[in-house]
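This report concerns only the one structure given below.
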Amino acid sequence: MNATADTLPVAKTPAHRMQRFSLLLRREYWEHRGGFLWAPLIAGAISLLLTAIFFVIAIVGMRNADSDAAFYLEDGSTMSINGLDLGVLAQQMSAEDKAQLASGIDLTMLLASGWPYIVMVFVMFFYCLGAMYDERKDRSVLFWKSLPLSDGETVLSKVVSAVIVVPLLATLAAIATMLGFLVLLSAAVMIHGGNPWELIWGPGNPLAISLSVLAAIPVYALWALPTVGWLMLCSAWARSVPFLWAVLVPVLAGLFVSMFSIMRLFSLGAEWFWGNIVARMLLGVVPLTRHDISRLDGAGIEQQEGLLHLVQPAAVYSNLLQPELWIGAAFGLAMLLAATRLRRWRDEG
């Protein structure tokens, strides 16, 4: 009897490389969904809850204020604190006042969205520390090595998860927090007789700021590579407590250099070693470069324009012109290659 086409065995084609890589990324996400997704969302929700409580306390306090408490308007009239009417104040605002209001709203949005980024720093740091140590500890590395997956693909998926997926999800959580803050602020404005579109959404630039922080992710991914490389190298090498190795080695090296003034041999101070070696190995997951800090110092952090300028695409991408970013990225890639080599034989529990 001749076999029909339906009964013939069908050869399974191996998964395409991009499909394998997509599966690896999904694996990292599902294994660390709590830190990747829920941690920044919860941080943003907590910040909104605290903001709402502050607004309620402020509104109640203003309603209970002494009727004699008042302030003068530009036309010479007065308005009591407990009878605040933002609609009347908006009518007396000059063009300069409106410009200052726009800058103030944008700055407040940035500050309100900061909590998810704070959580992101810790998530990235400890995810990289456990990226390869944890799979050796629970011996799941033996299972993954039995699959047709190369060490390079696996390590690359962890790097992309650390420098792209985690910041992207944290940024989306920050944008959601920022919009939630504007909704709360709009409610407070409406309670006091103001027009939220005129006083909040019109002067503010939530869309521009959202696009700017999203566009900044690739730049800060490059900036984070030295820290990511060092932490993953420690994760692949350490037999136990990779946190101690990751922190103590650069810190003790910095103390040694400072005690014996080794950097004087290169006509440099010990602060150069701390700033360019120790800080780059441990603090690269903070989305703020040395170039950004120097611009803040130059503008003065008390000026609203100083902080707002940092998120503008031109300012963010000016970091690509800094040699230290590319030198650090090269060292980070070298450490990641070393971590990949170590993963090939470090499979003990």
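How far apart, in nm, are the 7 Å Cα→Cβ label points at Phe122 and Ala58?
The two pseudo-label positions are separated by 2.6 nm.
Between Leu283 and Leu23, what's the calculated FRET efficiency when r is the beta-carbon distance and R0 is 25 Å? Round to 0.05.
0.20
I want the local charge near Val257. Using Cβ-Cβ distances under 13 Å, sum +1 for each Lys or Arg and -1 for each Asp or Glu among the other residues.
Computed value for this residue: 0.
Set the Förster distance to 51 Å, then compute FRET efficiency between Trp345 and Leu296 from the Cβ-Cβ distance, nearest 0.05.
For Trp345 and Leu296, the calculated efficiency is 0.65.
Apply the Karplus curve 6.51 cos²θ - 1.76 cosθ + 1.60, θ = phi - 60°, to the phi angles in the range 281-296 and return the couplings in whole Hz, x for Gly and Pro.
7, 10, 10, x, 6, 6, x, 8, 8, 5, 5, 4, 5, 5, 5, 5
Once amide H atoms are placed 1.01 Å from N in the peptide plane, what residues at a sequence separation of 5 or more from Gly284, or on another chain, have their amide H within under 5 Å of its amide H?
Under 5 Å from the amide H of Gly284: Thr227.
For Gly152, what charge total do you get from the other residues with a beta carbon under 12 Å from its beta carbon, if Lys and Arg give +1 and Asp and Glu give -1?
Surrounding charge for Gly152 is +4.
Show me, for the range 171-176, the HN-Hα J-couplings you get by feeding each phi into the Karplus relation (A = 6.51, B = -1.76, C = 1.60, θ = phi - 60°), rounded to Hz, glycine and proline as x.
Calculated HN-Hα couplings, in order: 5, 5, 5, 5, 5, 4 Hz.
Can you work out the Karplus-derived ³J(HN,Hα) for every residue in the range 194-206? Use 6.51 cos²θ - 1.76 cosθ + 1.60 with θ = phi - 60°, whole Hz, and x for glycine or proline.
x, 9, x, 5, 6, 9, 10, 6, x, x, x, 10, x
What distance in nm separates the simple spin-label points at Leu214 and Ile46, each placed 7 Å from Cα in the Cβ direction?
2.7
What does the charge count around Leu225 come to, taking other residues whose C-beta lies under 14 Å from its C-beta (Lys +1, Arg +1, Asp -1, Glu -1)?
+1
Using 1/(1 + (r/R0)^6) with R0 = 45 angstrom and r between the beta carbons of Ser150 and Trp201, what's the FRET efficiency to the nearest 0.05?
0.35
Fewest to most neighbouring Cβ within 10 Å: what's the order for Thr154, Thr108?
Arranged by neighbour count, lowest to highest, Thr154, Thr108 become Thr108, Thr154.
Just grab the label-to-label distance for Ser240 and Ser267, each label 7 Å out from Cα along the Cβ direction, in nm (one decimal).
Rounded to a tenth, the inter-label distance reads 4.8 nm.
May I ask you to sort Glu153, Glu271 by Cβ crowding, counting other Cβ atoms within 10 Å and putting the fewest first?
In increasing order of surrounding Cβ atoms, one gets Glu271, Glu153.
Of Phe36, Phe273, Phe54, Phe21, how do they rank once you tally other Cβ atoms within 10 Å and put the fewest first?
Ascending number of Cβ neighbours within 10 Å: Phe54, Phe21, Phe273, Phe36.
Every number here is computed from the coordinates shown, using simple stated rules; none is lab data. For clarity, every value in this text was computed on a predicted model and none was experimentally measured. Note that each Cβ is placed from the backbone with ideal geometry, even for glycine, and that neighbours are counted across all protein chains shown.
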